[in-house]
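Undergrad: Would you mind keeping the following structure in view while I ask a few things?
The values are calculated or read from the model by the stated rules, or taken from the named source; none is laboratory data. Keep in mind that what you see is a predicted model, and the values were worked out from it rather than measured. In this analysis, Cβ positions are derived from the backbone assuming ideal geometry, glycine residues included, and neighbour counts consider all displayed protein chains.
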Amino acid sequence: AFVADAKTGEILGAGQRPSFNPDTREGFGTSWLNMLYEYQFEPGSTFKVFTLAAAIEEGKYDPNQYYTTGNRQVMDATIYDWEKSGWGTITYNEGLQYSSNTLMMDLLDSVGPKKMLEYYQSFGFGTATKSEFNTEASGQIVWDNELQQKTS
């Protein structure tokens with residue numbers, strides 16, 4: 001679990017399980033890692049805010065624009081909204097409230113994959129934070145094909 005300042009992103013506190021006793025080193029083991037900075041995390045739906053920010057910046061987000069929810073075929077995969085049958089045709093704002101995957105794909109299409117990648121990189125994804133920890137994971141942006149782009 002991590003606690004961050006919502007305005008600055010500063011990490012205020014963190015804890016993980018399994019843990020160890022720093023006084024006795026009990027539970028430390030040989031493979032213990034600090035998950036805060038040594039693991040890469042799949043951000044899931046929390047990443048949608050960055051897609052939204054890029055679309056707003058590019059003038060591609062119209063809160064009253066309609067789109068069709070449910071699923072989209074991408075290469076040989078079907079990507080669904082969490083409500084697999086969708087919610088019908090709804091506005092972008094409604095799709096945002098539902099955390100719609102198909103909305104995010106529409107926004108990525110409207111911004112364009114090359115420009116969207118530039119935004120993700122400018123947000124700092126795929127690079128290390130240059131923290132004091134030399135074993136920090138840098139993360140990665142997997143962007144080799146349309147399916148990877150639509151599911152990032």
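Undergrad: Of the residues that sit in segment 119-149 and are assigned to a loop (DSSP other than H, G, I, E, B) and small (G, A, S), which one is farthest from T51 (Cα to Cα)?
TA: Ranking the candidates gives S131 first.
Undergrad: With the condition kept exactly as written, say whether any residue in segment 81-92 is at pLDDT 95 or above and part of a helix (DSSP H, G or I).
TA: Taking every residue of segment 81-92 in turn, at least one turns out to be at pLDDT 95 or above and part of a helix (DSSP H, G or I).
Undergrad: State whether one or more residues within segment 62-76 are under 17 Å from the mean Cα position of the chain (by Cα), among the charged types (D, E, K, R) and within 22 Å of N145 (Cα to Cα).
TA: The answer is no, given that none of the residues of segment 62-76 is under 17 Å from the mean Cα position of the chain (by Cα), among the charged types (D, E, K, R) and within 22 Å of N145 (Cα to Cα).
Undergrad: Still on this structure: Restricting to segment 40-66, name every residue that is touching a Phe, Trp or Tyr at 6+ places or on another chain (Cβ under 7 Å) and either assigned to a strand (DSSP E or B) or under 24 Å from G9 (Cα atoms) (or both).
TA: Answer for segment 40-66, where residues must be touching a Phe, Trp or Tyr at 6+ places or on another chain (Cβ under 7 Å) and either assigned to a strand (DSSP E or B) or under 24 Å from G9 (Cα atoms) (or both): F50, L52, A54, A55.
Undergrad: Ok, one more. What residue, among those in segment 93-109 that are of a type in the set (S, T, N, Q) and either part of a strand (DSSP E or B) or touching a residue at least 12 places away in the same chain (Cβ under 8 Å) (or both), is farthest from D144 (Cα to Cα)? Write out each step before concluding.
TA: Keep residues of segment 93-109 that are of a type in the set (S, T, N, Q), which gives 93, 97, 99-102.
Filter again for either part of a strand (DSSP E or B) or touching a residue at least 12 places away in the same chain (Cβ under 8 Å) (or both), leaving 93, 99-102.
Values: N93: 30, S99: 25, S100: 23, N101: 19, T102: 20 Å.
So the residue we want is N93.
Undergrad: Still on this structure, I have one more. If you take the residues in segment 54-72 that are polar (S, T, N, Q) and more than 9 Å from T89 (Cα to Cα), which one is surrounded by the fewest Cβ atoms within 10 Å (Cβ to Cβ)?
TA: Looking at residues that are polar (S, T, N, Q) and more than 9 Å from T89 (Cα to Cα), I get N64.
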